[in-house]
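For reference, the structure discussed in these notes is given below.
The values are calculated or read from the model by the stated rules, or taken from the named source; none is laboratory data. Quick caveat: nothing in here was measured; it's all calculated off a predicted structure. Note that each Cβ is placed from the backbone with ideal geometry, even for glycine, and that neighbours are counted across all protein chains shown. Surface areas here come from the heavy atoms of the whole protein model, side chains and all, with no ligands, DNA or RNA. Shrake-Rupley method; radii C 1.70, N 1.55, O 1.52, S 1.80 Å.
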Amino acid sequence: MKVLVTGGAGFIGSAVVCHIINNTTDSVVNLDKLTYAGNLENLTSVRNSPRYAFEQVDICNRAELDRVFSQHQPDAIMHLAAESHVDRSIDGPAAFIETNIVGTYTLLEAARNYWQQLEEPRKAAFRFHHISTDEVYGDLPHPDDVANTESVGAGHARDIDTELPLFTETTAYAPSSPYSASKASSDHLVRVWRRTYGLPTIITNCSNNYGPYHFPEKLIPHVILNALHGKPLPIYGRGDQIRDWLYVEDHARALYRVITEGEVGETYNIGGHNEKRNIEVVQAICTILDDLAADRAPDGGYETLISYVKDRPGHDRRYAIDASKIGDELGWQPEETFETGLRKTVEWYLNNEQWWQRVLNGDYQLVRLGKK
Ligand code: NAD
């Protein structure tokens, strides 16, 4: 199989590309515009493989997409290219509307045009896999708001231990940020291209990822790198927001399982069974750093750097995924617990200072800017 991966130079996309090249006999065409979030240095382990090709293309550029489809003749698409940072979507939503909505529409049309011309059996086997987020469902009642936990609409499951509601594949969409609204729009477009035109689509909605090669604007790498530099560790509000954390390599395995074994027209939620408050995440990082980077620790340990800042507008209180469908139907389970995955992540940042130094000082962008 030849898989066209969009956004393959990003955090999750590069884990997907590496997973496919290193663990299967499939080929990958990585199609990426190389925005600030795209970094070809995430792909050093695969970029000399004869089964790997790169195309620097914007998913909003229909002519270039048509050229790539015609030249590479993919069997499947895994669509990860997106603007992905919630805070940036609040400061400047335009790029989110453009890439996440218009770009997905443009890709769907280019894929439909290509797919309609395929001969059987390749036509029936073709897949368009759209990678989305659990943020499309809005937020869930928080355990601190006892009165709230019953007031949940249809389409939720209940956690067997806490009885708190969880997102399922049938939870109604209620996005809270420009980012999640743009992803919700793109999910609707993908479903409609299936229903109206018969394009063989599958959607996955995933919880928060973490792991190696995560861009330092996101919570976990931001905290690790600030701590190593002795800078404040900013926590929004009281730090009680709950996220359901998934190790990125577990996500990459799940996505490959879905594209190879998932049912056309279905949606699968992917989560790590790891609900954590943001403050717990930051404290856990500090504890690991106290152990692994004691020589750089401030007096009193890394937790002394924690600093509370004004909360993000519209900040969702809690996300949590019921991932039983992908477990029951496709046999996928996460391999990492939060404790093992977080320790691996901190170790990776400690061992790969050159990668993040080049990200922090902008050197990784030389390729994008045509200077390398
Ligand atoms: P990322 O920001 O790290 O990477 C996005 C990639 O897309 C970058 O390489 C960027 O250059 C590329 N890109 C952006 N605009 C493009 C365009 N117009 N044309 C072509 N390429 C473009 O994002 P990520 O964290 O790897 O997320 C990947 C996907 O997974 C996104 O669709 C995101 O919504 C979804 N997702 C992410 C998470 C998470 O926790 N990170 C969770 C659930 C779902």
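Per-structure values
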| quantity | calculated |
| --- | --- |
| Condition broken by residue 270, with the remaining ones in (1) in contact with a His (Cβ under 8 Å, 6 or more places away or on another chain); (2) at pLDDT below 95; (3) surrounded by 21 or more Cβ atoms within 10 Å (Cβ to Cβ) satisfied | (2) |
| Test: residue 76 is under 24 Å from residue 205 (Cα atoms), in contact (Cβ under 8 Å) with a residue 40 or more places away in the chain and either surrounded by fewer than 16 Cβ atoms within 10 Å (Cβ to Cβ) or within 13 Å of the ligand (Cβ to nearest atom) (or both) | no |
| Pairs with Cβ under 7 Å, 6+ apart, first in the stretch 132-146 and more than 17 Å from residue 101 (Cα to Cα), second of a type in the set (Asp, Glu) and more than 16 Å from the ligand (Cβ to nearest atom) | 144/240 |
| Filter result (away from the ligand (no atom under 13 Å from the Cβ), in contact with a Gly (Cβ under 9 Å, 6 or more places away or on another chain) and closer than 19 Å to residue 99 by Cα) within the stretch 163-200 | 176, 191 |
| Qualifying residue in the stretch 82-90 (condition: more than 14 Å from the ligand (Cβ to nearest atom), closer than 20 Å to residue 186 by Cβ, open to solvent by 10 Å² or more (accessible area, probe 1.4 Å) and out of contact with any strand residue (DSSP E or B) (no Cβ under 8 Å at 6 or more places or on another chain)) | yes |
| Neighbours by Cβ (under 7 Å, 6+ apart or cross-chain): first from the stretch 202-221, within 18 Å of residue 360 (Cβ to Cβ) and open to solvent by less than 10 Å² (accessible area, probe 1.4 Å); second assigned to a strand (DSSP E or B) and near the ligand (Cβ under 8 Å from one of its atoms) | 220/210 |
| Qualifying residue in the stretch 1-16 (condition: more than 11 Å from the ligand (Cβ to nearest atom), farther than 15 Å from residue 130 by Cα, at pLDDT 95 or above and out of contact with any Leu (no Cβ under 9 Å at 6 or more places or on another chain)) | yes |
| The one condition in (1) open to solvent by less than 20 Å² (accessible area, probe 1.4 Å); (2) touching a Lys or Arg at 6+ places or on another chain (Cβ under 9 Å) that residue 137 fails to fulfil | (2) |
| Of residues in the stretch 29-57 being β-branched (Val, Ile, Thr) and within 14 Å of the ligand (Cβ to nearest atom), the one most open to solvent (accessible area, probe 1.4 Å) | 35 |
| Residue satisfying all of: in the stretch 315-339; open to solvent by 10 Å² or more (accessible area, probe 1.4 Å) and basic (Lys, Arg); farthest from residue 181 (Cα to Cα) among these | 325 |
| Checking residue 191 against (1) open to solvent by 40 Å² or more (accessible area, probe 1.4 Å); (2) assigned to a loop (DSSP other than H, G, I, E, B); (3) closer than 12 Å to residue 265 by Cα, the condition it does not meet | (2) |
